[in-house]
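Each remark here refers to the structure printed beneath this line.
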Amino acid sequence: MGLRNILLLVVGVIGLAIVRNLIREISRMMVRKMKPDGSGPTAQQGNSDGKTSGGGKLVRDPQTGTYIDPAHAVRTKVGKTVHYFESEASRDAFLKANA
């Protein structure tokens with residue numbers, strides 16, 4: 001009975017390791033598809049070449065790091081700098097963190 005339990009434990013550990021590696025690989029594939037380096041879609045409004053559908057450049061949300069089309073972004077001016085955000089929640093979090 002003891003050998004059987006050890007064998008089940010070993011099989012369980014190996015199974016968990018396989019599942020963990022599968023989840024890690026799926027996560028990596030998803031991240032690669034979302035990278036703004038031209039290897040996949042950069043934002044909902046953007047193309048893989050880093051330009052918007054209108055031909056302009058994408059801008060980076062300073063809070064989340066997401067690249068977005070400035071025409072669809074939430075804008076906030078801090079001093080002389082205009083910041084672009086993907087949402088009002090992102091803008092609010094940025095302003096709160098930098099207050």
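The values are calculated or read from the model by the stated rules, or taken from the named source; none is laboratory data. Values in this document were obtained by computation on a predicted structure and should not be read as measured data. All Cβ positions, even for glycine, are placed from backbone atoms using ideal geometry, and neighbour counts span all protein chains on display. Surface areas here come from the heavy atoms of the whole protein model, side chains and all, with no ligands, DNA or RNA. Shrake-Rupley method; radii C 1.70, N 1.55, O 1.52, S 1.80 Å.
Which FRET efficiency value, to the nearest 0.05, do you get for LEU22 and ARG75 by plugging their Cβ-Cβ distance into 1/(1 + (r/R0)^6) with R0 = 41 Å? Don't jump to the answer; show the numbers that get you there.
Details: r = 41 Å, r/R0 = 1.01.
The calculated FRET efficiency here is 0.50.
Between ARG60 and SER87, 0.36 nm times their residue separation minus their Cα-Cα distance comes to what?
Working: separation 27, 0.36 × 27 = 9.72 nm, distance 1.22 nm.
This chain segment gains 8.5 nm when fully extended.
Could you rank LYS57, LYS80 by how accessible they are, 1.4 Å probe, largest area first?
LYS80, LYS57
What ³J(HN,Hα) values, in whole Hz, does the Karplus curve 6.51 cos²θ - 1.76 cosθ + 1.60 give for region 19-26 when θ = phi - 60°, with x put for Gly and Pro?
With coefficients 6.51, -1.76 and 1.60, one gets 4, 4, 5, 4, 5, 4, 5, 5 Hz.
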